[in-house]
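The values are calculated or read from the model by the stated rules, or taken from the named source; none is laboratory data. On a predicted model such as this, the values are computed, not experimentally measured, just so you know. Neighbour counts run over all protein chains shown; Cβ positions are idealised from the backbone, glycine included.
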Amino acid sequence: MPTPRLPKLLAAALLMTGCAMPTVEDPDAGAVAPTAWTTIGTSVEGRPLRIRTIGRGPVAVLWIGGIHGDEIEGQVATDELPAAFAATPGLAARVTLTILEDVNPDGRAKRTRGNARGIDLNRNYPATNYQPGDARGERALCEPESRALFDLLLHLQPDLVMVAHSWTRRSGRSPAAINWDGPAEPYARLFAARSGFEAVPSASIHGTPGSLGSFVGIDRQIPILTIEWAKGTPPAEAWVQTSDAILAVLASATERSAPPR
C-alpha cells in the first residue's frame, strides 16, 4: 500500500509534541519531561484525540491507552506511564514513547465498546482480512478515530505498539492475558514473566477481521502487544499489576532491524 501524505494538521501536531524533536529535559532534577498533550484529530462527537511524547531514543514505541469505551482498566496506566518512564534510568536515551490517550473518547463517555456510530474501532483498519459489516463499518478507515490512528502509525513507523484492553475470562484461560500479533512473542513472554498474565497469541482466540493487531502485526510485521486486564479490575490496581512488566518490555524494545533481547 503506498504511504499517503500526512495531513497538515497531524504533521504540525506531531512536530509540536516532539515526535520530530528531542523531549525537553529538566536540568535541575535530571528528569525527562513529557510534552504537553496535543490534538491529532477528533472523534465523531468532536472529542479530542490527544498524544504526548517522552524520551529521545532511536526506538519508537506507541502506547494506546484505550480503544473500546467499556474497557477502562488501562486508564491509570496511561496517566502514570510518563513518570514511571522518566524514573527508569537510561530508558529515555533509548526509547521515544508516544502515548495516544484514547482512540475512543465517545465510547468511553458512554461506556460502550464501539464509537458514537456503533463501530468497533478495533475492526476498522485496512488489514488484508478486513470485512465490512455493521460493527466494522462500510469500509476500512471510515471512522475519524481509526483514520487518525492510521495516520499516526504511518508517521511514527513504530518499532513496537502496546494497546490497553480488558476481557472477560474465557473458558480455559487465565483471568488476565497478554496477547500478541506479528513478531512480538518475545515481548509477550517477557511481559507474562513479569506480570503473571498468560501469554496468548491472538490467532488462538478468535477471528479478528480488520483489527489493529491484524493490520499492524500481521500485515506490517510490527510487533504489537494487547494487554488484556481482567474486566472490572480497578484501574489503579491494573497499573500496579503490570507496571513492572510494561517498563521491562519498554527497556527491552529494539529497532525492528534487531531482534528483541
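Pull up the stretch 50-63, narrow it to residues that are surrounded by 24 or more Cβ atoms within 10 Å (Cβ to Cβ) and either touching a residue at least 60 places away in the same chain (Cβ under 8 Å) or closer than 16 Å to ALA248 by Cα (or both), then point me to the one that is farthest from the chain's Cα centre (by Cα).
Within the stretch 50-63, the match that is farthest from the chain's Cα centre (by Cα) is GLY55.
Mind listing whichever residues of the stretch 87-106 are surrounded by 21 or more Cβ atoms within 10 Å (Cβ to Cβ) and either among the aliphatic types (A, V, I, L, M) or part of a helix (DSSP H, G or I) (or both)? Full working, then the answer.
Of the residues in the stretch 87-106, the ones surrounded by 21 or more Cβ atoms within 10 Å (Cβ to Cβ) are 91-92, 95-100, 102-106.
The answer is LEU91, ALA92, VAL95, LEU97, ILE99, LEU100, VAL103, PRO105, ASP106.
Hey, can you tell me all the residues within the stretch 118-138 that are surrounded by fewer than 17 Cβ atoms within 10 Å (Cβ to Cβ) and in a loop (DSSP other than H, G, I, E, B)?
Hits for the stretch 118-138 are GLY118, PRO126, THR128, ASN129, GLN131, PRO132, ASP134, ALA135, GLU138.
Check off (1) surrounded by fewer than 22 Cβ atoms within 10 Å (Cβ to Cβ); (2) touching an Asp or Glu at 6+ places or on another chain (Cβ under 9 Å); (3) part of a loop (DSSP other than H, G, I, E, B) for ALA109 and give me the number that stays unchecked.
Just one mismatch for ALA109, condition (3).
Which condition does GLU228 not pass, out of (1) buried (at least 18 other Cβ atoms within 10 Å of the Cβ); (2) closer than 27 Å to GLY90 by Cα; (3) not small (Gly, Ala, Ser), if it passes all the others?
Single failed check for GLU228: (2).
Which one of these does GLY107 not meet: (1) farther than 22 Å from GLU228 by Cβ; (2) out of contact with any helix residue (DSSP H, G or I) (no Cβ under 6 Å at 6 or more places or on another chain); (3) not hydroxyl-bearing (Ser, Thr, Tyr)?
Failing condition for GLY107: (1).
Which one of ALA192, ALA245, ALA236 is surrounded by fewer than 20 Cβ atoms within 10 Å (Cβ to Cβ), touching a helix residue (DSSP H, G or I) at 6+ places or on another chain (Cβ under 6 Å) and among the aliphatic types (A, V, I, L, M)?
After ruling out the rest, the residue left standing is ALA236.
Quick test for you: out of GLU143, GLU138, pick the one residue that is without any contact (Cβ under 8 Å) to a residue 12 or more places away in the chain and farther than 24 Å from GLN241 by Cα.
GLU138
Would you check if there is a residue in the stretch 85-97 being of a type outside the set (D, E, K, R), in contact with an Asp or Glu (Cβ under 9 Å, 6 or more places away or on another chain) and more than 27 Å from GLU255 (Cβ to Cβ)?
no
Quick check: is even one residue across the stretch 147-155 within 21 Å of ALA203 (Cα to Cα) and either in contact with a strand residue (DSSP E or B) (Cβ under 7 Å, 6 or more places away or on another chain) or at pLDDT 95 or above (or both)? Give the derivation first.
Applying the first criterion (within 21 Å of ALA203 (Cα to Cα)) to the stretch 147-155 yields none.
No, the conditions are met nowhere in the stretch 147-155.
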